[in-house]
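Working notes, beginning with the structure itself.
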């Protein structure tokens, strides 16, 4: 294996400092992302098995001026884990650091290492009768360190918040190789600057997260889902307001699905049983309810939807009679990205808008994209969070390759509109390398200057995931 | 008025740049905190009426090398707003910036300026049928900018989180005088480093918060409270677990009250009608429930407490039959700090512990304090958040003045124990100037070095509230 490694002196230093087998050649799996859109290079793959070894790696890399890239499950969609050019980095994969360190059942707290997969975190919580609510399509392979580094979102944010809201404390290796022991299990801790939230969402540019203290929740005793047809996104928002007024925090998820989603599913996954069969509505909402105590979620959802029908907000719908049906509703929702992948988008956008601006955005974005060509738009996502996955596809029967040239125009059109309406061009996927120019274009100048100053202060040699989030070589403010 | 002002050249520059009357002599009200424990000095009080004027003030101060201290309601308990020595600062009071900029009812969002009092924010939410859940004893006079700068806590954190959890976006003047326009109304926004959370809790040392975008919530339709006697803090925690399992997020507050609290209330406020009359229990819990939809909070609380009694967790208790009684329960809880003030503590501690460690901490702290002398301990607070106000008083019949010498020993004893048990020596009040040495003693060295580097990077001239949180003159790492 070592013969495929370069003879860079940093590698012999690392081999001397780390156990046998901890320094390897990076295989193709680590050098491209799942959709094949980004390809990178690496000096080597480093596999530390404890925090001290991560710190050692960062110190050695820093002394040699070699970049390091923290690597989780490799599922990120914005190229944050892939270095396409410049000096070849060391990929520090956390995959060996996947130990559950402790579960504090009475405290609703779990501490695990950064390489633990999200699924394993969920399962560990379940084994104690508790819930870790972060839930994503890639949960089987993404790792909690990556979820935190990118402040991952997913389907339960409405009720439980983003990854940052689920984290009480961190252990991390900072760019100078020091170890921050911040694995607190405290709900309140006002001792100085919020380094935890600074690292969360910094996409590996300010340090390597090595372990986390996570919040767990009592598992709702009764759960039910409904898939309902609504006239418009505006009606969907009215339904959300009614639902929150009726059930408060009991609304776990509130997802918008466009007719285009159902059509793509029929086209690419014909065996999937869809909730509306052959006659999908223009707009649908998947609403998920989880209640505590003696309450019956199905009954509560029935009452809510009767009220919503009486108010003219809901046209039609199906309620999950059993857990298998609820799972089937979710399977429909969760297969949409796969259907999109098979159709092949020209440009995909992970955007958020102020809730009240969403209906207007959907209308104006449609008109703006139509003005560019006869594209198909699949607009779906986490409506309750104001987060849409707004994906643009070639006309029916055509391949995306023919439209590569249109991609930039589409993207600029959508992002300009999002920005003009007070939204964000990265709701839950992060900046990575894909959106560095977007951040420069749409980001607040004072905030960008502060970010550059913080980056230069904490990582003066610029070794931590250089080129992600912030362009390299921009002088600090 | 100007004759009481010094002739410092920065003052003429400010008078030239700001409207008539915006630069004044600071009165005694701005130079000491409510309990009279900190006294400070100031070059002048500056009263900007818009963000541009704040920026202008910071720029002029920065050019002259004069410190600035952002000043909210002046209710902070750790001296963060009071500069006792060193160069006299400009106090930038936000009191004129108290405009409600917008309420987005359908989005559950409110935007207001930093000088708005917490009570006015609550009232504005109420006027729209919504809830802003941050609630503190000083809500009539504290201002939202100060609440955010100190990441205030209060009684509803269990359900709704700290001030940081209630903030979607900020507008702030950074130490270089630039304005960060970050008043987003988004639930998800992963565009770069989390500057919002960095400013929140930085106690005015990284910038001046000038406006905030705040989260509102549907108001629970049915609310009820219970004041119940429990055998021990451990039983109180078991009750909390049962309550959360039964009512989930419906538990709004869960406060621990010690027998000493009731005794101090009887002694200092004999007219207050107490829930347990003349026979208070050793430990009591005030539990507050708010439910949505058609649920009856009183009925749900009754069922919960019957289960808790059957399980031997609750001995005795009273339920609020009406809103007036619920208010009376809360009045009892909220008068405890006033009773403490009248008795006069030797040392007060705002600490948090991992939930599971609380009973053991209470036991061990009692023994440790008893070993120092015959002190009385009043231990009460936000049990659901693991946050105790652990206050130590002289023996009955004696005044605190005689025990001034013991204060440091008591404080060190309590804080050493908190630290050894994985807790925090500042749960919700912040560091200010009172706890700078504590932060140095108990803080993680890597985190402290990162904090100093961030401070030096964002405020290289050290003009923003110097000496708060971080000691002045410590070289950055």
**OP:** Filter region B:249-282 down to the residues that are within 25 Å of the chain's Cα centre (by Cα) and farther than 21 Å from residue B:341 by Cα, then identify the one that is farthest from the other protein chains (Cβ to nearest Cβ).
**Re:** B:253
**OP:** Sort out which residues of region A:41-66 are in contact with a strand residue (DSSP E or B) (Cβ under 7 Å, 6 or more places away or on another chain) and not in a strand (DSSP E or B), and write them in order of number.
**Re:** A:42, A:43, A:47, A:48, A:51, A:54, A:55, A:57, A:58, A:61, A:66
**OP:** Residue by residue through region A:374-394, note down the ones that are in a loop (DSSP other than H, G, I, E, B) and in contact with a helix residue (DSSP H, G or I) (Cβ under 6 Å, 6 or more places away or on another chain).
**Re:** A:375, A:386, A:394
**OP:** Scan region B:195-217 and give yes if some residue there is part of a loop (DSSP other than H, G, I, E, B), under 23 Å from residue B:296 (Cα atoms) and at pLDDT 95 or above, otherwise no.
**Re:** yes
Original post:
Quick check, is residue B:337 surrounded by fewer than 24 Cβ atoms within 10 Å (Cβ to Cβ) and under 26 Å from residue A:213 (Cβ atoms)?
Top reply: no
Original post:
Out of the residues in region B:428-446 that are over 22 Å from the mean Cα position of the chain (by Cα) and within 7 Å of chain A (Cβ to nearest Cβ), which is surrounded by the fewest Cβ atoms within 10 Å (Cβ to Cβ)?
Top reply: B:444
Subject >> Number of positions in region A:331-359 that are away from chain B (no Cβ under 14 Å), in contact with a strand residue (DSSP E or B) (Cβ under 6 Å, 6 or more places away or on another chain) and not in a helix (DSSP H, G or I) >> reply: 4
Subject >> Residues (facing chain B (nearest Cβ under 7 Å) and crowded, with 22+ Cβ neighbours inside 10 Å) located in region A:151-181 >> reply: A:151, A:153, A:157, A:162, A:174, A:180
**OP:** Return yes when residue A:244 is modelled with pLDDT under 95, in the same structural domain as residue A:310 (by TED's automatic domain parsing) and surrounded by 19 or more Cβ atoms within 10 Å (Cβ to Cβ) and no when it is not.
**Re:** yes
Subject >> Single unsatisfied condition, residue B:395 versus (1) away from chain A (no Cβ under 13 Å); (2) out of contact with any strand residue (DSSP E or B) (no Cβ under 7 Å at 6 or more places or on another chain); (3) modelled with pLDDT under 95 >> reply: (2)
**OP:** Go through the residues of region A:218-232 one by one and say whether even a single one is modelled with pLDDT of 95 or more, under 30 Å from residue A:56 (Cβ atoms) and touching a strand residue (DSSP E or B) at 6+ places or on another chain (Cβ under 7 Å).
**Re:** no
**OP:** Identify all residues within region A:218-241 that are within 12 Å of another protein chain (Cβ to nearest Cβ), assigned to a helix (DSSP H, G or I) and surrounded by fewer than 22 Cβ atoms within 10 Å (Cβ to Cβ); write none if there are none.
**Re:** A:234, A:238, A:240, A:241
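Go through region B:90-182 and tell me which strands (runs of 3 or more DSSP E), entirely inside it, have 1 or more residues that are farther than 30 Å from residue B:63 by Cα.
B:100-104, B:109-113, B:167-173
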**OP:** All but one of (1) under 21 Å from residue A:72 (Cα atoms); (2) more than 14 Å from every other protein chain (Cβ to nearest Cβ); (3) outside any strand (DSSP E or B) hold for residue A:86, so report the exception by its number.
**Re:** (1)
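Would you say residue B:29 is within 33 Å of the chain's Cα centre (by Cα) and within 21 Å of residue B:64 (Cβ to Cβ)?
no
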Original post:
Given (1) buried (at least 21 other Cβ atoms within 10 Å of the Cβ); (2) within 11 Å of another protein chain (Cβ to nearest Cβ), where does residue B:467 come up short, assuming only one miss?
Top reply: (2)
Subject >> Per-region count, region A:289-322, residues free of Cβ contacts under 8 Å to residues at least 12 places away in the same chain, over 27 Å from residue B:299 (Cβ atoms) and either in contact with a strand residue (DSSP E or B) (Cβ under 9 Å, 6 or more places away or on another chain) or within 12 Å of chain B (Cβ to nearest Cβ) (or both) >> reply: 1
**OP:** For region B:134-141, state whether one or more residues are facing chain A (nearest Cβ under 10 Å) and either surrounded by fewer than 20 Cβ atoms within 10 Å (Cβ to Cβ) or under 23 Å from the mean Cα position of the chain (by Cα) (or both).
**Re:** no
Subject >> Filter result (outside any loop (DSSP other than H, G, I, E, B), free of Cβ contacts under 8 Å to residues at least 60 places away in the same chain and surrounded by 16 or more Cβ atoms within 10 Å (Cβ to Cβ)) within region B:263-288 >> reply: B:263, B:283, B:284
Subject >> Counted residues, region A:95-114 - those being over 17 Å from residue A:430 (Cβ atoms) and more than 14 Å from chain B (Cβ to nearest Cβ) >> reply: 8
**OP:** Determine, yes or no, whether residue A:53 is buried (at least 19 other Cβ atoms within 10 Å of the Cβ) and within 30 Å of residue B:236 (Cβ to Cβ).
**Re:** no
Original post:
Got at least one residue in region B:382-390 being more than 10 Å from chain A (Cβ to nearest Cβ) and out of contact with any strand residue (DSSP E or B) (no Cβ under 6 Å at 6 or more places or on another chain)?
Top reply: no
Original post:
For region A:32-49, which residues satisfy the criterion of being over 21 Å from the mean Cα position of the chain (by Cα) and farther than 22 Å from residue A:202 by Cα?
Top reply: A:43, A:44, A:49
**OP:** Go through region B:409-427 and give me each residue that's out of contact with any helix residue (DSSP H, G or I) (no Cβ under 8 Å at 6 or more places or on another chain) and either within 10 Å of chain A (Cβ to nearest Cβ) or at pLDDT below 95 (or both).
**Re:** none
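The values are calculated or read from the model by the stated rules, or taken from the named source; none is laboratory data. In this text the structure is predicted, and so the values were computed from the model without any measurement. When we count neighbours, we look across all protein chains shown, and the Cβ atoms used for this are built from the backbone with ideal geometry, even at glycine.
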